[in-house]
1. Run residue 357 past the list (1) modelled with pLDDT of 85 or more; (2) under 24 Å from residue 256 (Cβ atoms); (3) surrounded by fewer than 18 Cβ atoms within 10 Å (Cβ to Cβ) and report the number of the one that doesn't hold.
2. Please indicate, with yes or no, whether at least one residue in segment 107-130 is within 30 Å of residue 40 (Cα to Cα) and modelled with pLDDT of 95 or more.
3. Within segment 51-64, can one find any residue that is surrounded by fewer than 21 Cβ atoms within 10 Å (Cβ to Cβ) and assigned to a helix (DSSP H, G or I)?
4. Residue 187 versus (1) at pLDDT 95 or above; (2) not assigned by TED's automatic domain parsing to the domain that holds residue 152: which is the lone unmet condition?
5. Residue 379: assigned by TED's automatic domain parsing to the domain that holds residue 260, outside any strand (DSSP E or B), at pLDDT below 85 and crowded, with 23+ Cβ neighbours inside 10 Å, yes or no?
6. Output the residues belonging to segment 324-352 that are touching a residue at least 24 places away in the same chain (Cβ under 8 Å), part of a helix (DSSP H, G or I) and farther than 20 Å from residue 284 by Cα.
7. Suppose the filter is at pLDDT 85 or above and assigned to a helix (DSSP H, G or I); does residue 260 pass it?
8. Please work out if residue 140 is outside any strand (DSSP E or B), surrounded by fewer than 19 Cβ atoms within 10 Å (Cβ to Cβ) and without any contact (Cβ under 8 Å) to a residue 12 or more places away in the chain.
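The values are calculated or read from the model by the stated rules, or taken from the named source; none is laboratory data. Every value quoted in this text rests on a predicted model; they were computed, and no experiment measured them. Glycine also receives a Cβ, built like all others from the backbone with ideal geometry; neighbour counts cover every protein chain displayed.
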């Protein structure tokens, strides 16, 4: 689960990490008051979990509290759309924060290195840039420090890593302290990512987490009830957020062929086959084992929430999932929705004959005997 910026900064501050002053609000009058407390000069940031919010008009600097309040009034309730998130997200809160005078920008993150099966700290003197760009064009600018799961980090290891990253000498002591704090935050809060970009070095010699991203492991959320209220808006995509509420595994992929299956492996194979046939998957959706007709109907509705979907591929292998229940769910969705796109279904396994007989009563579903045949048919029909 991704935390909002204000939540991330509040969490880091509890562990002694220096963050800019400021508070979150949804009230323009309160935003003006917070800006006044900060001396008028402030930054107003939309609290939405999407990339490119600055370019989308969700971040603005101000010299006076009046303008900050007026901007907040314009922003609340507005849908921000970016290249990273074309569906957009509606702004419900803003963070009114103090401006940070930045002399230099650095990059710092803590995440899991799955290959090494260890937590890794990534440090770079080239902050303010996307770390992927740095890795591509100047990989030697990134220093990686792995955390021993048994012994943790020794101070000398952190100092050596900070020096190797060429962090200027005046900032090194504070950077060492920040790294140790972030590792503690990561482990004690079941995080799977902490990223500060930029880490700001100010003219008066302070190291500040000017921006912060924290993501908590979904499987550990029962240990963090303080984030329950904002859990439902933790997805960048509104369909993913709705699926999360319903307990359905759904990932939006941006293509035109909607895909449903039971079991992650079968769905992944379906994605591959659609790609092979010349289509682009719109989503990953696993209906789960033992899905009944009502759940299947809900899954169809989720897929159809994406306006880019031009065809639907349903690939079911019935084990504990009964194919006749799947067929009932599909037709139930058709009865309640005006589905005009082509639908191809391949179902095998438990009660497959009964399921095929049910689907045969509808002229909206094209059958297929194999996954490859189903992929070929849906891509051809959707593109036609």
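1. For residue 357, the exception is condition (2).
2. Residues of segment 107-130 that are within 30 Å of residue 40 (Cα to Cα), as a first pass: 107-108, 127-129.
If we keep only those that are modelled with pLDDT of 95 or more too, we end up with 107-108.
Scanning segment 107-130 turns up at least one residue that is within 30 Å of residue 40 (Cα to Cα) and modelled with pLDDT of 95 or more.
3. No, the conditions are met nowhere in segment 51-64.
4. (2)
5. Working: assigned by TED's automatic domain parsing to the domain that holds residue 260: yes; outside any strand (DSSP E or B): yes; at pLDDT below 85: no; crowded, with 23+ Cβ neighbours inside 10 Å: yes.
For residue 379, the condition - assigned by TED's automatic domain parsing to the domain that holds residue 260, outside any strand (DSSP E or B), at pLDDT below 85 and crowded, with 23+ Cβ neighbours inside 10 Å - is not met.
6. Step one: list which residues in segment 324-352 are touching a residue at least 24 places away in the same chain (Cβ under 8 Å), which gives 324-334, 336-337, 339, 341-352.
Still in the list and also part of a helix (DSSP H, G or I): 324-334, 336, 352.
Answer for segment 324-352, where residues must be touching a residue at least 24 places away in the same chain (Cβ under 8 Å), part of a helix (DSSP H, G or I) and farther than 20 Å from residue 284 by Cα: 324, 325, 328, 331, 332, 334, 336, 352.
7. no
8. On the way: outside any strand (DSSP E or B): yes; surrounded by fewer than 19 Cβ atoms within 10 Å (Cβ to Cβ): yes; without any contact (Cβ under 8 Å) to a residue 12 or more places away in the chain: yes.
In short, yes.
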